[in-house]
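Peer 1: Supplied in structure tokens, the structure appears directly below.
The values are calculated or read from the model by the stated rules, or taken from the named source; none is laboratory data. Everything quoted here is computed from the prediction, not taken from an experiment. Neighbour counts are summed over all protein chains in view; Cβ atoms, including those assigned to glycine, are modelled from backbone coordinates with ideal geometry.
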Amino acid sequence: MALYCAAYFKKNGCDKLLTQKLLYYAQGIYLKLYNQPLFEEEIEKLNGPVVRVVDDKWDELDTEEYVIPKLFSDFLDDILAEFEGLTGIQLIEKIHEEPPWKETNNNEFIELDSLKAFFDKQEFKIIMKRKEEREKTARQQLDKYYEEIMADPVLSQCVYKKEVEEEDISHVLEELWATGLLNRKKREEKLWKACEVGNVEKVRKLLQNEQFDINWQDSESRTPFFIACREGHIEIVKLLLNDKRIDVTKAENEYGLTPFHIACKYGRIDIVKILLNDQRVDISKAENNEETPFLIACYYGHIEIVKLLLACGRENDLNKKDGKGRTGLYWAREREKTEIDEWESEEDFQERKRGYGKIVELIESFERNPIETRFKLKIQLGLAGKSF
């Protein structure tokens, strides 16, 4: 942590000498305010207070690599403001008159207890004023989000803990935002939207936050996983499946469609292949109208998905009826008879009719000899010797 603090001071124009002295004051004042050290590295008494690792790595210290969280940069800004205009030499002269320095032998480390005992008695008007201003702003923000915070046990416990420990309340909101706990709706919407538009890198980054509810549902009760399956975003579907928090069967409320249902409905062949390989996915689950994924694929004429469902070998009742007693075979036959829709071209219409005809032939063949038909499908699909 000392290197991060040093990099911040360096980025703000401080030379090595001044930085070492500011680290001394930062450590002491942080002990006073928060009853814990700012950094774990020890401060050694040489010609002045020195943190060895900072001294050794100063020349190569990359200010872009060591980026400090805002939680601490606010505090370091306070330090810079408090000691603005003082040089490293001037701070050395000041430090030499202070008890922590006088009580420490040369080439030994300055004790944290000594620092705290001294700094507890000191006043730092600029730092305290800036801290109070941040706390006031934070209180206003907390009041603004009060209902959301109190309605969430995780949020309310987090705020309560900070207040009991008498920590800087201005940091509470910053931590809640940083960990993604505050304003959950907007937070999860970001993941949902990234899944919808296919932004793989953003999804990858957002999934790193363990506080995310990745099964959050939008106003139409659709999860990020559901929407990724619907849109056919293969890499995002894989990312979500590899996350232990995912609920692969969570259905939307109105129709009871699961992600597997929606992939079959929209003809997402590659997504269907992926989901068939995941034993957590119930491929025969019916939605609210008792329609199974197989029946849906038949209704929409997705012959390649029908082939996959028949070839996979997993439990899949072809004769399962919907709420009105109709099977997948029934729908394929009926849809083959329908006239051209106003939105269809003649070419699309003929292709659709042929597709339904092929589904009828395939199901009838499977009913006559399921083992032989499945074997032929596996060869045709390049799945011979493979399992889903």
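Peer 1: What are the pairs with Cβ atoms under 9 angstrom where one residue, in segment 366-382, is farther than 19 Å from VAL272 by Cβ and the other, located anywhere, is hydroxyl-bearing (Ser, Thr, Tyr) and surrounded by 12 or more Cβ atoms within 10 Å (Cβ to Cβ)? Sequence gap at least six, or different chains.
Peer 2: GLU367/THR373; GLU372/SER365; LYS376/SER365
Peer 1: Under 8 Å between Cβ atoms, which residue pairs at least 6 apart in sequence (or on different chains) link something in segment 111-123 that is in contact (Cβ under 8 Å) with a residue 60 or more places away in the chain with a partner that is of a type in the set (Asp, Glu)?
Peer 2: Listed pairs, sorted by first residue: PHE118/GLU98.
Peer 1: Which condition from (1) free of Cβ contacts under 8 Å to residues at least 12 places away in the same chain; (2) closer than 16 Å to PHE118 by Cα; (3) within 35 Å of the chain's Cα centre (by Cα) is the one that GLU60 breaks?
Peer 2: Of the numbered conditions (1) free of Cβ contacts under 8 Å to residues at least 12 places away in the same chain; (2) closer than 16 Å to PHE118 by Cα; (3) within 35 Å of the chain's Cα centre (by Cα), the odd one out for GLU60 is (2).
Peer 1: Anything in segment 265-319 that is on the phi > 0 side of the Ramachandran plot and hydrophobic (A, V, I, L, M, F, W, C)? List them, or say none.
Peer 2: none
Peer 1: Another question, then. Any idea which of (1) under 20 Å from the mean Cα position of the chain (by Cα); (2) surrounded by 15 or more Cβ atoms within 10 Å (Cβ to Cβ); (3) at pLDDT below 65 is the one VAL154 doesn't satisfy?
Peer 2: (2)
Peer 1: Quick check on ARG314: is it touching a residue at least 60 places away in the same chain (Cβ under 8 Å), of a type in the set (D, E, K, R), surrounded by 13 or more Cβ atoms within 10 Å (Cβ to Cβ) and part of a loop (DSSP other than H, G, I, E, B)? Write out each step before concluding.
Peer 2: Working: touching a residue at least 60 places away in the same chain (Cβ under 8 Å): yes; of a type in the set (D, E, K, R): yes; surrounded by 13 or more Cβ atoms within 10 Å (Cβ to Cβ): yes; part of a loop (DSSP other than H, G, I, E, B): yes.
Here the answer is yes, as ARG314 does meet what is asked.
Peer 1: Residue check, SER114 against (1) modelled with pLDDT of 90 or more; (2) hydroxyl-bearing (Ser, Thr, Tyr); (3) within 40 Å of the chain's Cα centre (by Cα), all met but one. Which one?
Peer 2: Condition not satisfied by SER114: (3).
Peer 1: Right, something else. Can you tell me which residues in segment 277-300 are touching a residue at least 40 places away in the same chain (Cβ under 8 Å) and assigned to a loop (DSSP other than H, G, I, E, B)?
Peer 2: Of everything in segment 277-300, just one residue is touching a residue at least 40 places away in the same chain (Cβ under 8 Å) and assigned to a loop (DSSP other than H, G, I, E, B), namely ASN277.
Peer 1: Continuing with the same structure: Looking only at segment 317-344, how many residues end up being acidic (Asp, Glu) and either surrounded by 15 or more Cβ atoms within 10 Å (Cβ to Cβ) or closer than 18 Å to LYS358 by Cα (or both)?
Peer 2: As a first pass, look at segment 317-344 and keep what is acidic (Asp, Glu): 317, 322, 334, 336, 339, 341-342, 344.
Retained after the next criterion (residues that are either surrounded by 15 or more Cβ atoms within 10 Å (Cβ to Cβ) or closer than 18 Å to LYS358 by Cα (or both)): 322, 334, 336, 339.
Residues that pass the stated criteria total 4.
Peer 1: For segment 354-388, give me each residue that is at pLDDT below 85 and among the charged types (D, E, K, R).
Peer 2: Listed by number, the list holds a single entry, LYS386.
Peer 1: Quick one: how many residues across segment 335-362 are assigned to a loop (DSSP other than H, G, I, E, B) and of a type in the set (A, V, I, L, M)?
Peer 2: Initially, segment 335-362 is screened for residues assigned to a loop (DSSP other than H, G, I, E, B), giving 338-345.
Remaining after also requiring of a type in the set (A, V, I, L, M): 340.
Of the residues in segment 335-362, 1 are assigned to a loop (DSSP other than H, G, I, E, B) and of a type in the set (A, V, I, L, M).
Peer 1: Next up: Considering only segment 259-276, I want to know if a residue exists there that is in contact with a helix residue (DSSP H, G or I) (Cβ under 6 Å, 6 or more places away or on another chain), assigned to a loop (DSSP other than H, G, I, E, B), more than 20 Å from LYS376 (Cβ to Cβ) and not hydroxyl-bearing (Ser, Thr, Tyr).
Peer 2: Taking every residue of segment 259-276 in turn, none turns out to be in contact with a helix residue (DSSP H, G or I) (Cβ under 6 Å, 6 or more places away or on another chain), assigned to a loop (DSSP other than H, G, I, E, B), more than 20 Å from LYS376 (Cβ to Cβ) and not hydroxyl-bearing (Ser, Thr, Tyr).
Peer 1: Answer yes or no: is there a residue in segment 237-259 that is closer than 16 Å to ILE305 by Cα, modelled with pLDDT of 95 or more and in contact with a Pro (Cβ under 7 Å, 6 or more places away or on another chain).
Peer 2: Looking through segment 237-259, none of the residues is closer than 16 Å to ILE305 by Cα, modelled with pLDDT of 95 or more and in contact with a Pro (Cβ under 7 Å, 6 or more places away or on another chain).
Peer 1: I'm told GLY325 meets every condition in (1) free of Cβ contacts under 8 Å to residues at least 24 places away in the same chain; (2) under 27 Å from PHE226 (Cα atoms) except one. Can you identify the failing condition by its number?
Peer 2: (2)
Peer 1: On the given criteria, is ALA311 within 27 Å of ARG352 (Cβ to Cβ), among the small types (Gly, Ala, Ser) and at pLDDT 95 or above?
Peer 2: On the way: within 27 Å of ARG352 (Cβ to Cβ): yes; among the small types (Gly, Ala, Ser): yes; at pLDDT 95 or above: no.
It is false that ALA311 is within 27 Å of ARG352 (Cβ to Cβ), among the small types (Gly, Ala, Ser) and at pLDDT 95 or above.
Peer 1: To continue, here is another question. Under 9 Å by Cβ, and 6 or more places apart or on different chains, what pairs join a residue from segment 186-210 that is more than 17 Å from ASP243 (Cα to Cα) with one that is modelled with pLDDT under 85 and crowded, with 17+ Cβ neighbours inside 10 Å?
Peer 2: Matching pairs, first to second residue: ARG187/GLY180; ARG187/LEU181; ARG187/PHE212; GLU189/ASP218.
Peer 1: Given the structure, is GLU98 surrounded by 12 or more Cβ atoms within 10 Å (Cβ to Cβ), of a type in the set (Asp, Glu) and over 25 Å from MET128 (Cα atoms)?
Peer 2: Details: surrounded by 12 or more Cβ atoms within 10 Å (Cβ to Cβ): yes; of a type in the set (Asp, Glu): yes; over 25 Å from MET128 (Cα atoms): no.
No, not satisfied.
Peer 1: Being within 22 Å of PHE260 (Cβ to Cβ) and of a type in the set (A, V, I, L, M) is the filter; apply it to segment 198-224 and report the residue that is surrounded by the most Cβ atoms within 10 Å (Cβ to Cβ).
Peer 2: Filtering first and then ranking leaves VAL203.
Peer 1: Here is a further query. Count, please, the residues in segment 192-239 that happen to be part of a helix (DSSP H, G or I), touching a Cys at 6+ places or on another chain (Cβ under 8 Å) and not charged (D, E, K, R). So that I can check it myself, show each step before the final result.
Peer 2: Taking segment 192-239 and keeping what is part of a helix (DSSP H, G or I), we get 192-197, 200-206, 224-231, 234-239.
Now drop any that are not touching a Cys at 6+ places or on another chain (Cβ under 8 Å), which leaves 203, 224-225, 227-228, 231, 236-237.
The next check asks that each one be not charged (D, E, K, R); those that pass are 203, 224-225, 227-228, 236-237.
The number of residues fulfilling the criteria is 7.
Peer 1: Looking at LYS21, is it at pLDDT below 90, assigned by TED's automatic domain parsing to the domain that holds PHE109 and not small (Gly, Ala, Ser)? Show your work before the answer.
Peer 2: Working: at pLDDT below 90: no; assigned by TED's automatic domain parsing to the domain that holds PHE109: yes; not small (Gly, Ala, Ser): yes.
Against the criterion (at pLDDT below 90, assigned by TED's automatic domain parsing to the domain that holds PHE109 and not small (Gly, Ala, Ser)), LYS21 does not qualify.
Peer 1: Of the residues ILE303, ILE274, which is in contact (Cβ under 8 Å) with a residue 40 or more places away in the chain, surrounded by 16 or more Cβ atoms within 10 Å (Cβ to Cβ) and touching a Gly at 6+ places or on another chain (Cβ under 7 Å)? Please lay out each step first, then the result.
Peer 2: Values: ILE274 fails: touching a Gly at 6+ places or on another chain (Cβ under 7 Å).
None of the other options fit; the residue is ILE303.
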